[in-house]
Amino acid sequence: MEPGGTAAARGPPPDLAATRRLRTAVRDLFDAHLTQREPLPTSIEDVNAAAAAAPTSVRLGTDGKVETRWHTEYGGNASLAAIAREAIDLLADPDRLARLRRCANPTCSMLFLAENKRRQWCTANICGNRTRVARHYERTHSL
């Protein structure tokens, strides 16, 4: 199971153009939330279309665990549908959505879900260190 509760999607790799379209749509939805603006209507349509392209059903396995079955026989790509579903689940969950952050490093474009309120960087050992080093450099070399 993935963190959001859906099973990993299997199948052929998705089409590059479809992947880019979904990535753009998901990013617009997340950026719209972070900047408190309305997302583009096409972004909502693109995410919904990708999620619907490969429908799922749950099945009870012989081991008693719930499995997700991806119905790729109807078309679509299971991987893109899974990504779209995870984005929809995040956007519909106010508690998780409140943890969505943009990395505080001005040269980084990453978004992440903060584990705590103080987290500022996507990765403390990369972006955090780069930001701290840049601040130190500015303080010590501006004299």
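The values are calculated or read from the model by the stated rules, or taken from the named source; none is laboratory data. The structure displayed is predicted, hence computed values, not measured ones. Using ideal geometry, Cβ is built from the backbone for each residue, glycine included, and neighbour counts are taken over all protein chains shown.
Below are the figures for this structure:
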| read-out | value |
| --- | --- |
| Sole exception among (1) out of contact with any helix residue (DSSP H, G or I) (no Cβ under 9 Å at 6 or more places or on another chain); (2) under 30 Å from residue 130 (Cα atoms); (3) not basic (Lys, Arg) for residue 107, by number | (1) |
| Near pairs, Cβ below 9 angstrom, 6+ apart or cross-chain, from segment 64-78 (in the same structural domain as residue 9 (by TED's automatic domain parsing) and at positive phi) to any residue that is of a type in the set (Phe, Trp, Tyr) and surrounded by 18 or more Cβ atoms within 10 Å (Cβ to Cβ) | 76/70 |
| Evaluation of residue 43 against (1) of a type in the set (S, T, N, Q); (2) crowded, with 16+ Cβ neighbours inside 10 Å; (3) closer than 20 Å to residue 11 by Cα; (4) out of contact with any Pro (no Cβ under 8 Å at 6 or more places or on another chain) (one fails), failing number | (3) |
| Residue selected from segment 106-116 under the condition without any contact (Cβ under 8 Å) to a residue 60 or more places away in the chain and within 19 Å of the chain's Cα centre (by Cα), by the criterion surrounded by the fewest Cβ atoms within 10 Å (Cβ to Cβ) | 116 |
| Subset of segment 62-83 [out of contact with any Asp or Glu (no Cβ under 8 Å at 6 or more places or on another chain), of a type in the set (Gly, Ala, Ser) and part of a helix (DSSP H, G or I)] | 78, 79, 81 |
| Sole exception among (1) outside any strand (DSSP E or B); (2) surrounded by fewer than 18 Cβ atoms within 10 Å (Cβ to Cβ) for residue 59, by number | (1) |
| Test set (1) modelled with pLDDT of 95 or more; (2) closer than 27 Å to residue 98 by Cβ - residue 17 fails condition number | (2) |
